[in-house]
Amino acid sequence: MTRVTRLAREAWPWTFLAAFAVWLATITYTGGQGSGAILTAALSFATFSVIVGLGQMLVFTSGPGNVDLSIPATITLAGVVAMKVMDTDNARLLIGIAAALGAAFTVGLANYALIRVLRIPPIIATLSSSFLVLSTAISYGRGIRIKPPPLLADFATARIMGVPLVAIFTVILSIILAQILLRTVYGRSLLATGQNARAAWLSGLDPERTRLITYVASALLAGVAGLCLSGFSGGAALNMGEEFLLASIAVVVIGGTSVAGGKASVPGIWGAALFMYLLVSMLNTFGASAGIRLILTGVIIIAVIVAATRDTGGR
């Protein structure tokens, strides 16, 4: 089998192809105007979906039925904690980052405890914890929007040769995560656990420790997204994580990660996130009404998923 054939059988190249096709359709409609600005905006906004998508990807990979619905609430909590602790002061930046990630770490531990100790299904456990986490964020933040320190705002909005700095950071993060999946004991354990948890245990692996690390990692990545989003949008808001509930799941599924577990696709997260943003941008450019946008978005996403999984047996 040639390398091209193997790539064609993977889902992630199709996501990039779909993103390119949507971008091409948009700039054709506009006569080429704003093509660079559209790509820059796509990289800026899609980056946040990539960060949370990476965490959700790990959870999906750990086996069927695993999903993290607490991601939006964790984003909000991390953002609120960071902004309150930093209080616009650059000198408190590292303390605020540590506090935000500490809060996210606690959420990950709590999610796993609900699943492991109380035997609650992951979808119910993480949904329940999301209400508690969001309530904590509301109580702690008290509805006050505090601006981020200048250093955090600069990091989240700066560009290097037209490429957003936060996108470069996320690319590096994605490469590191891909290497962890390919070359570490945790990565191999995660893939083995997702394929067959009992077989992984009989092979000497520890599926429960793997799941613990996975839920904590998902929460930490949501915390990173909360930090970056707070810097990008000028502060934390109590609804800042809402749009990432479905987005985190959509980019994972469209990107080629198996919902049955045991197979992850880091490049697919990027392709799917870019495709999702560019698709919405295209429909807005075409002047489609809200109802038509929703219908066309659903139809096009289904078409991409079908094309991406046609030769892979839905895996």
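Bear in mind that the values in this text are calculations on the coordinates, not laboratory data. The structure displayed is predicted, hence computed values, not measured ones. So basically every Cβ, Gly included, is an ideal-geometry build from the backbone, and we count neighbours across all protein chains shown.
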So which residue, out of Thr76, Thr184, Thr40, gets the largest mean-square fluctuation from a GNM of the chain using Cα contacts under 10 Å as springs? Thr184
Quick one: dipole size for the chain, taken about the Cα centre, charges +1 on Lys/Arg Cβ and -1 on Asp/Glu Cβ, in debye to the nearest 20. 520 debye
Near the amide H of Arg159, under 5 Å away, which other amide H atoms are found, from residues 5 or more places off or on another chain, if H is placed in the peptide plane? Leu165
Projecting the Cα atoms of Tyr215, Gly63, Leu202 onto the charge dipole of the chain, where Lys and Arg contribute +1 and Asp and Glu -1 at Cβ, the residue farthest towards the positive end is Leu202
Could you point to the residue in Ala110, Thr88, Ser44 farthest towards the positive end of the chain's charge dipole, with +1 and -1 charges on the Cβ of Lys/Arg and Asp/Glu respectively? Ala110
Applied in sequence order to segment 94-105, the curve 6.51 cos²θ - 1.76 cosθ + 1.60 (Karplus, θ = phi - 60°) yields integer Hz couplings, x standing for Gly and Pro, of 5, 5, x, 4, 4, 5, 5, 5, x, 5, 5, 4
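Can you compute the charge dipole magnitude of segment 79-229 about its Cα centre, using +1 on each Lys and Arg Cβ and -1 on each Asp and Glu Cβ, nothing else charged? Give it in debye, rounded to the nearest 20. Don't skip to the answer; put the middle values down first.
Details: 13 positive and 5 negative charges, 46 e Å.
Result for segment 79-229 is approximately 220 debye, rounded to the nearest 20.
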Once phi is turned into θ = phi - 60°, what whole-Hz ³J(HN,Hα) does the Karplus curve with 6.51, -1.76 and 1.60 give for every residue of segment 149-165, x standing for Gly and Pro? x, x, 5, 5, 5, 5, 4, 6, 10, 5, 10, 10, 6, x, 9, x, 4
Restricting attention to the alpha-carbon atoms of segment 180-243, what are Rg (one decimal) and Dmax (integer), both in Å? 16.4, 50
Please build a GNM for the chain, connecting alpha carbons under 10 Å apart, and tell me which residue among Leu238, Leu227, Leu17 fluctuates the most. Leu17
Order by neighbour count: Asp68, Asp89, fewest other Cβ atoms within 10 Å first, most last. Asp89, Asp68
